[in-house]
Amino acid sequence: MTQFPFDSRPGVALDPSHAALFRSQALIPVRIRGNHPALLVTGHADVKTVLSDPRFSRQQWHGGTMFARSPDTLALATTDPPLHTRRRRAVQAAFTHRAAEADRPWIEQIAEDLLDAVAAKPGPVDLVATYLRPLPYLVVGRIMGTPDGDVDQLAAWTDVMMSAGRCAPDEVTAATAAMHGYFRERLGTGFLATLTATLTEQEIVVMAAGLVMAGGDATASHLSSCAYHFLHDDELRRTLIARPDLIPAAVEELLRWVWFAGTGGQPHILLADAELAGVPLRAGQVVIPLTDAANHDPAVYSDPDEFRLDRPTNPHLGFGHGRHMCPGAPHARVELRAAIGALLRRFPDLRAAPDTPAWRDGMFLRGLWRLPVHLR
């Protein structure tokens with residue numbers, strides 16, 4: 001039986017050998033961390049079922065995570081209703097579509113300010129360190145009321161906490177304790193003060209850390225893959241520079257097309273006998289919904305392995321689905337559009353530098369650590 005997660009490889013597009021495997025079977029038997037047997041769920045409709053059907057539980061899976069953190073540090077990611085519902089409702093008001101649109105001006109200003117600093121640098125520039133990484137951390141930090149000067153420290157802790165084998169367990173434990181201690185000292189201030197009516201102090205601390213990881217690391221990792229793609233697709237870059245009105249469509253297609261989840265997804269355990277992909281399953285079966293596979297399902301997308309701006313519909317699962325849909329999706333869309341739009345407008349002659357980019361390996365999410373570029 002195949003061991004999962006699979007080895008990661010450089011590149012933005014879904015690995016062709018993985019895509020072929022995902023299309024060969026709707027349910028693929030594997031062994032995961034701890035030598036647990038599980039089934040990978042690959043079809044678009046079946047992944048949506050796992051993410052929305054209450055018979056598939058994250059909270060009742062006690063076999064450990066697919067990455068370094070422990071279940072009690074994951075807040076929303078490993079809970080089911082009603083606990084999940086209460087915790088999500090506590091933070092949802094800050095991350096609505098209306099809130100994201102209201103925040104758009106200052107998010108766009110952060111992008112411009114960072115690019116001003118980038119433009120002043122001589123020679124090749126690491127676009128991840130100077131722009132793609134700090135932007136999302138600054139955004140989520142300002143929403144939560146943390147000082148801009150703390151961004152580097154929060155990002156450093158997050159790098160360790162998002163490990164999927166890159167860091168030793170004691171490093172992850174130390175980073176988690178440090179992040180939680182940081183937010184415990186900030187209880188009752190800013191955004192955290194709004195949560196005291198519905199969440200316990202420990203829940204607030206864990207929630208705050210989770211928002212930093214999701215809002216910072218996830219967005220930064222995805223942005224780095226987007227920028228890499230623009231550097232290597234001259235036609236797309238020229239099209240978006242000439243037609244910035246197409247950037248929203250490009251963002252949605254990137255959310256579908258980019259190979260993003262380094263560990264595949266979160267294990268779910270079936271609470272009752274059910275049928276999935278036409279296969280009868282018994283209670284206790286462990287399944288892992290693969291959104292990357294679902295986003296390349298030929299039953300849903302024509303030319304699923306091609307990047308296309310002209311898709312008439314794009315029901316991608318880049319932000320998840322159902323009760324586990326990313327609560328920060330509206331802000332992430334604003335950030336992605338602002339970051340990409342400003343970068344291409346300010347530096348239309350952007351090109352890759354000879355230095356080799358550094359791909360993230362052994363991490364929960366794929367992307368790049370370093371992306372050297374020439375601005376002009």
Point to revise | Potential extension, Phe6-Gln25 segment - 0.36 nm per residue separation minus Cα distance | key: 5.2 nm
Review point. In what sequence, highest mean first, do 290-299, 233-242 appear when ranked by Cβ atoms within 10 angstrom?
Key: 290-299, 233-242
Point to revise | Student exercise, segment 210-335 dipole from Lys, Arg, Asp, Glu Cβ charges, in Debye to nearest 20 | key: 320 debye
Check your understanding: Taking only DSSP H segments of four or more residues, each worth -39500 (n - 2.57), what value at 222 nm results for the chain once the sum is divided by all its residues, to the nearest 500 deg cm²/dmol?
Key -> -13000 deg cm²/dmol
Study note, to complete from the structure: Answer in debye to the nearest 20: the dipole magnitude of the chain about its Cα centre, from +1 Lys/Arg and -1 Asp/Glu charges placed on Cβ, is 420 debye
Check your understanding: Which listed residue (Tyr228, Ala218, Ala249) has the Cα farthest towards the positive end of the charge dipole for segment 210-281, taking +1 on Lys and Arg C-beta and -1 on Asp and Glu C-beta about the Cα centre?
Key -> Tyr228
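Let me have the relative contact order for segment 146-241, percent, based on Cα pairs under 8 Å that are six or more residues apart.
Over segment 146-241, the number comes to 24 percent.
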Point to revise | Option label - Kirkwood radius over Cα pairs in Å computed here, alternatives (1) 23.3; (2) 22.1; (3) 21.2 | key: (3)
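We did not get these values from a lab; they are worked out from the coordinates using the rules stated. Owing to the predicted nature of the structure, the values given are computational and were not obtained by experimental measurement. Backbone-built Cβ (ideal geometry, glycine too); neighbour counts: all protein chains shown.
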